[in-house]
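Some notes on the structure that comes next.
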Ligand code: GLY
């Protein structure tokens, strides 16, 4: 946790934006795997962490604007709990850690909210994303659990997004720590990428690092020779010389901030000539995109810079044809780069996605495109100092997508379909870093994780670390 004054200041900022009502932050509960006592690793809700800091299940934080009071509702541990779990802090001690004056047993929460309902108080809460949160909130507020999400407060979402989007120096340090873990993970993946190894061996080694010096993975990693499958969580393939291994993995710091890094590794330590050509296009797109990041720039324009470099590179290789700007305007590059350039990063790897992607990445001046590829761009709006984003262009050869476009001769003026048969087992290449928008430009966060083709090759071959 940070020191308590940080949580007090964050809540004060929020309070000042509301004239009346109660703001409710529902913490997460334990989530069972196969019976109630055997649970997944507990992860607190990120907005709860932001305002109330405590990574403990069954908590509700309430800011009562009308009466200018703050409450922490939670479970008071009994002696028999302590027999199984060891000594636990009291609710009052927990509340004190985050500067909240009033603490109440969760068993009194229903009575508390019923009284507020009678006095016609207005409730402000964030959209829920777990079924048990729907049930709990609906029970407390006399609402239908199937409809409770739609009653969430747009105003609260907008203020929380505005506040959480701009990272403080303490938050940047946390992300940099998560990146130090990612550095160790990705160096290890490169060193392990030898013919004969199974993807799951690398995954397990990376998980060990993520848990030994941090709080585990920040998301289920992608460690696959089938990098053309964008969110591939299958790890059973045995790697052979010449495979391209996409390793998209990040970790959580002890205070739950995320890193999210991708490197593409030539198994055995040598990119083939065509792999290297395509790798260089992705790397050039990534570097140019990073260089375009500054306050006032729109991220959709940064995305389009990367898209044009990808189109130009593929035209040079004879895979695409025509003019790169026209190709991108028509969406032809999306056959090979079908996702967005990146997303915000913070307490969530896709920061605040639970609050609604459009609230985070779009605004009244930037509407989401419905063009294939561009429509997946999670963040498009104008950049401000303090934002942290991933920059992760890629080139993929997805056989099913190629077949579908080819069958319709889609955008045939920009694509040399006769060249594509040879690429159907190519896989994919993605390169990703995490970038802070500064007052004057940008800063790539963390220690440089090698990404020049020859540096990656040397590490795989064991020639440098
Ligand atoms: N790094 C995985 C993702 O952004 O979805």
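Assorted remarks:
- Overall form of region 349-395 per C-alpha gyration tensor (a/c, 1.5; a/b vs b/c): rounded
- FRET E, pair residue 238, residue 79, Förster distance 41 Å, beta-carbon r, rounded to 0.05: 0.20
- All C-alpha pair distances within region 15-59, sorted into 5 Å bins from zero, spread as 5, 22, 21, 17, 14, 9, 5, 4, 3 percent across the bins.
- Cβ-derived FRET efficiency at R0 35 Å, residue 155 paired with residue 114, nearest 0.05: 0.90
- Expressed as a whole percent, the proportion of Cα-Cα pairs in region 102-159 lying more than 16 Å apart is 47%.
- Ranked from largest, the principal axis spans of the Cα set of region 127-241 equal 59, 35, 26 Å.
- Over the chain, volume per residue of the alpha carbon convex hull, in Å³: 161
- Paramagnetic reach from residue 317 (point 7 Å along Cα→Cβ, amide N under 16 Å) across region 418-440: 418-431
- Cα centroid separation, region 185-247 to region 356-385 (Å): 30
- FRET efficiency for residue 407 and residue 200, using Cβ-Cβ distance with R0 set to 35 Å, rounded to 0.05: 0.50
- Region 364-437: C-alpha gyration tensor shape, a/c 1.5 cut-off, then a/b vs b/c: oblate
- Fully extending the segment from residue 135 to residue 376 would add 83.7 nm, taking 0.36 nm per residue of separation and subtracting the current Cα-Cα distance.
- Ascending count of other beta-carbon atoms within 10 Å, so fewest first, for 219, 379: 219, 379
- Paramagnetic label zone (point 7 Å from Cα along Cα-to-C-beta, residue 58; backbone N under 17 Å) in region 19-34: 26-33
- Residues of region 10-34 with an amide N closer than 12 Å to a point placed 7 Å from the Cα of residue 170 along the Cα-to-Cβ direction: 10-11.
- Across the alpha-carbon set of region 160-206, the Rg to Rh ratio works out to 1.25, Rh being the Kirkwood radius.
- Between region 296-355 and region 8-56, the C-alpha centres lie 35 angstrom from each other.
- Cα gyration tensor shape for region 207-341, rounded if a/c is under 1.5, else prolate or oblate: oblate
Read-outs throughout are calculated quantities, based only on the coordinates presented, and are distinct from any laboratory measurement. From a predicted model like this one, the values you see are computed outputs, not experimental measurements. Quick reminder, even Gly has a Cβ in these numbers, built from the backbone with ideal geometry, and neighbours come from all protein chains shown.
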